[in-house]
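The values are calculated or read from the model by the stated rules, or taken from the named source; none is laboratory data. None of the values given here were measured: they were computed from a predicted structure. Using ideal geometry, Cβ is built from the backbone for each residue, glycine included, and neighbour counts are taken over all protein chains shown.
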Amino acid sequence: MREGLQDELDELCGGLQEEGRITAHAVGEATRALVDWSVEAFEATLAAETEVKHHYHQTEQRVETIIARQAPVASDLRLVLAALHINRSVERAAHNAARVAHLATPPPRRALVEEAVITDALRAMGERGAEMIRTAMDAFERRDANATRLLSTLDELVDRENEKIADTILAIDIADPELRQWASRMLFAGRWLERVGDHAVNVAERVTYMVTGEASQPGDGA
């Protein structure tokens, strides 16, 4: 191994782990902002996104430096390339968390049984999404090539909660403009939380590639 390469790889991986930790925190805080209407959680989410963006650019610079100075090959090159893609997925997850936080709004004055169904599903999606980010980053740290299966299973649970939200909203009489606006915002929030899960799966797929050299087909998305 070239002199200094291992130190640079360790620094790259350490920065990614910190980015993942902050992103998982952002997802949790965004969920709290959404369902509990917490201003503190809203501000924490935006602060976390800003911090993630800093790590994102820092990781890109580290990747460029390693490739230019060290010309890594074989497993080291796969690690660097995986880190580049994981960096993007984690940053996107944090951005989606910020989108969720921006959708926070109290439900309509008229109490609804459906409101509890929707908010409970959103809370479950957010908690599971944060768990998925942590699990994916743990797989990266442990070089676990089998984590994709677990993450895909968790992602299916997130998708089901999102379908529950959509079905519940479609069944509501939304002639009330206030109710219609709230329902629309919750529908979008479910979509962004669903994307968090997708990004976690993408991370696990990149870990599989990094460990085995077998290319998967990670999903794209905002």
Problem set entry | Criterion: under 27 Å from THR105 (Cβ atoms), among the basic types (Lys, Arg), under 15 Å from the mean Cα position of the chain (by Cα) and modelled with pLDDT of 95 or more - qualifying residue of ARG160, ARG206, ARG195 | ARG195
For this session: Taking the options ILE66, ILE133, ILE86, name whichever one is part of a helix (DSSP H, G or I), closer than 25 Å to PHE188 by Cβ and in contact (Cβ under 8 Å) with a residue 40 or more places away in the chain.
Result: ILE133
For this session: Name, by its number, the condition in (1) outside any helix (DSSP H, G or I); (2) touching a Ser or Thr at 6+ places or on another chain (Cβ under 6 Å) that does not hold for ALA101.
Result: (1)
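Which is at negative phi and exposed (fewer than 15 other Cβ atoms within 10 Å of the Cβ), of ARG99, ARG92, ARG69?
Numbers: ARG99 fails: exposed (fewer than 15 other Cβ atoms within 10 Å of the Cβ); ARG92 fails: exposed (fewer than 15 other Cβ atoms within 10 Å of the Cβ).
None of the other options fit; the residue is ARG69.
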For this session: Kindly provide the set of residues from segment 167-192 that are within 18 Å of the chain's Cα centre (by Cα) and surrounded by fewer than 20 Cβ atoms within 10 Å (Cβ to Cβ), ordered by number.
Result: LEU187, PHE188, ARG191
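Taking the options GLU19, GLU60, GLU49, name whichever one is surrounded by fewer than 21 Cβ atoms within 10 Å (Cβ to Cβ) and under 22 Å from the mean Cα position of the chain (by Cα).
Values: GLU19 fails: surrounded by fewer than 21 Cβ atoms within 10 Å (Cβ to Cβ); GLU49 fails: surrounded by fewer than 21 Cβ atoms within 10 Å (Cβ to Cβ).
Selected residue: GLU60, the only one of GLU19, GLU60, GLU49 that is surrounded by fewer than 21 Cβ atoms within 10 Å (Cβ to Cβ) and under 22 Å from the mean Cα position of the chain (by Cα).
Somewhere in segment 203-214, is a residue charged (D, E, K, R), part of a helix (DSSP H, G or I), free of Cβ contacts under 8 Å to residues at least 40 places away in the same chain and out of contact with any Cys (no Cβ under 7 Å at 6 or more places or on another chain)?
Keep residues of segment 203-214 that are charged (D, E, K, R), which gives 205-206, 214.
If we keep only those that are part of a helix (DSSP H, G or I) as well, we get 205-206.
Now narrow it down to the ones that are free of Cβ contacts under 8 Å to residues at least 40 places away in the same chain: none.
Checking segment 203-214: not a single residue is charged (D, E, K, R), part of a helix (DSSP H, G or I), free of Cβ contacts under 8 Å to residues at least 40 places away in the same chain and out of contact with any Cys (no Cβ under 7 Å at 6 or more places or on another chain).
Listed here are the residues, each with its yes/no results for (1) of a type in the set (A, V, I, L, M, F, W, C); (2) out of contact with any strand residue (DSSP E or B) (no Cβ under 9 Å at 6 or more places or on another chain); (3) under 20 Å from HIS102 (Cβ atoms); (4) modelled with pLDDT of 85 or more.
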site: THR153; (1), (2), (3), (4): no, yes, no, yes
site: ASP173; (1), (2), (3), (4): no, yes, no, no
site: ARG180; (1), (2), (3), (4): no, yes, yes, no
site: ALA183; (1), (2), (3), (4): yes, yes, yes, yes
